[in-house]
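All of the numbers you see were taken from the coordinates with simple rules; none came from a lab. None of the values given here were measured: they were computed from a predicted structure. Please note: Cβ atoms are built from the backbone with ideal geometry, for glycine as well, and neighbour counts cover all protein chains shown.
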Amino acid sequence: MSLRIRRRARAAILAVALAVPTLVTAGTVQAAPVGTRPAAAPANDLLALLDGLVARLLPVPAPAIPGMTPGLVSQVTASTVRVSGIACGQRLQGSGFSPATDTIVTNAHVVAGTTRTEVLRPDGRTLPATVTTFDPGRDLAVLTVPGLGQPSLGLGSAVVGEIDAVFGHPLGRAPVEVSPARVLRRVTADVGDIYDRPSRPRQILVLDSHLHPGDSGAPLVNGAGKVVGVAFAVSNLRRSTAFAVASEELSPVLAQPRSGPVSTGPCIS
């Protein structure tokens, strides 16, 4: 099904997660402007250390999801990360997952304008990351993380009506949290890019799921352990409705050659 969303109506239908300090986005922003308040930097480092301890010692129990065994939940969790970056003096946080060796996928809006990026593994280790693909039209980015050492997740295709799961870091919390997500519809939507500029239509999955700031970039995983989408937004009109970029949009992004750092564009205002 094809769905063209007028630009004036877009804000009323989608709260595209543009990493701004509002609860309708799926990315989070720490208000402390790190670049302009150096005294806050040690506290941020301490918080990162404490977050690592929390991730190891206080994992969040996963809810029961039909067709998804505890073993599969553990396997997928081991392939996820929290993504953090500094952009225009603010710390942005989102989620991500590994589709290949030393590689992480997240949303482009999670790393837009960042000058320093890092990932937090489920075991509490923090590693530096480099953005090597940045696609604001699809709202997808690929990070290279040397020594990541995480298992990779394969890609699948979403089926309307199935109950899948989103593995993310709501509110930027360190422990991975699993949220059930029913696939309601698949649409081809013209919603513009992350900077609200005209862009190409993209395949989007409409989900019945309660997602939160920080879930941007989280994988939508089916009962076979395959990534079928990447969470990127929640609805302004109904908080139980969320949106994911379909995996069919991710395949061409992963196929692009990656030889080094790329521009992450301007910060999102």
| Compactness of segment 85-154 - radius of gyration and Dmax, Cα, Å | 11.4, 35
| query | Which of 127, 143, 250 comes first, and how do the rest follow, when ranked by fewest Cβ neighbours within 10 Å? | reply | 127, 250, 143
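Applying a 10 Å radius around every beta-carbon, put 196-204, 80-88 in order of their mean neighbour count, most first. Walk me through the numbers before you get to the answer.
On the way: 196-204: 15.4, 80-88: 25.1.
Per-residue mean Cβ counts within 10 Å order the peptides as 80-88, 196-204.
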| query | Could you state the number of Å between the C-alpha centres of segment 187-233 and segment 94-126? | reply | 16
| query | Label-point separation (nm) for residue 74 and residue 240, each offset 7 Å from Cα along Cα-to-Cβ? | reply | 3.3
| query | Under a plain spin-label model, where a point goes 7 Å from the Cα along Cα-to-Cβ, how far apart in nm are residue 116 and residue 182? | reply | 4.5
